[in-house]
Amino acid sequence: MDAGQAEQGSNEARAARVIAEAEARVAATDGPAAAALVGALFGGVAAEDLAEYDAAELAALAGDGLAFLAERPGHAAKLRIRTPESVAAPAPVSVVEIVNDDMPFLLDSVLGALRELSLDPLLVAHPILAVERDAAGRLVSWEPAGRAGQTRAKESLIHIHVDRIVEAARRD
């Protein structure tokens with residue numbers, strides 16, 4: 001095994017441990033349904049992109065993500081850009097989040113738009129969720145789309161970290 005393979009294995013083991021710790025934190029405070037979003041959100045992220053994050057940061061990001069996902073009236077896209085105080089590693093970041101009906105090329109289009117604004121992604125998470133919402137658009141239940149039957153609506157949750165956005169005009 002060469003040094004690169006050893007480092008990759010170390011990153012993957014650390015990422016799995018940090019995700020499991022974050023799930024345990026969220027489960028203790030918000031229950032297993034909320035904790036499942038940690039794995040759904042960060043389980044598919046490249047291990048090296050998670051290398052500098054700790055369990056508390058991932059737990060806070062997932063909790064904020066679930067709160068963002070909690071309400072979506074109609075089928076309108078929902079977007080926010082925020083700079084969470086709970087994230088210090090690898091450096092303060094801004095988080096771009098979008099909830100939308102799942103559709104082809106959505107993530108590619110978002111990444112292209114960010115790059116046009118000279119915002120390079122530092123971490124990209126994009127789970128597809130099977131959701132059930134009430135008539136007002138409040139989240140009733142969700143699960144990863146791969147596990148759900150074909151009856152639930154599929155929504156795309158895009159969660160991207162970029163270098164901290166500080167200028168108001170650039171944030172707009």
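Amide H contacts under 5 Å for residue 71: 139, restricted to partners 5 or more places along the chain or on a different chain, H placed in the peptide plane at 1.01 Å from N. Distance distribution P(r), the stretch 16-111, all Cα-Cα pairs, bin width 10 angstrom from 0: 15, 45, 34, 6 percent. Normalised by the number of residues in the chain, the mean separation of alpha-carbon contacts (under 8 Å, six or more apart) gives a relative contact order of 22 percent.
In this simple spin-label approximation, residue 154 and residue 101 carry label points 7 Å from Cα along the Cα→Cβ vector, and these lie 1.3 nm apart. In the chain, the portion of solvent-accessible area held by carbon and sulfur atoms comes to 54 percent [1.4 Å probe, whole percent, DNA, RNA and ligands not counted]. Summing Cβ point charges (Lys, Arg +1; Asp, Glu -1) relative to the Cα centre of the chain gives a dipole of roughly 540 debye.
Scoring 95-103, 55-63, 153-161 by mean Cβ neighbours within 10 Å over their residues and listing the highest first yields 55-63, 153-161, 95-103. Segment residue 27..residue 80, full-extension length gain: 16.5 nm, with 0.36 nm per residue of separation and the alpha-carbon distance subtracted. Scaling against 2.2 N^0.38 Å puts the C-alpha radius of gyration of the stretch 78-156 at 1.28.
For the chain, there are no membrane-span-like helices by this rule, meaning no whole DSSP H stretch whose C-alpha atoms cover at least 18 Å of axis and whose Kyte-Doolittle mean is 1.6 or above; this says nothing about an actual membrane. For the stretch 3-163, taking Cα atoms only, Rg and Dmax work out to 15.6, 54 Å respectively. Each residue, residue 163 and residue 109, gets one label point 7 Å from its Cα in the Cβ direction; the gap between the two is 2.8 nm.
Computed with a 1.4 Å probe over protein heavy atoms only, the accessible surface of the chain comes to 52 Å² per residue.
The values are calculated or read from the model by the stated rules, or taken from the named source; none is laboratory data. Quantities reported herein were computed from a predicted structural model and do not represent experimental measurements. So basically every Cβ, Gly included, is an ideal-geometry build from the backbone, and we count neighbours across all protein chains shown. Side chains are part of the model used for accessible areas, which takes the heavy atoms of the whole protein and leaves out ligands, DNA and RNA. Shrake-Rupley method; radii C 1.70, N 1.55, O 1.52, S 1.80 Å.
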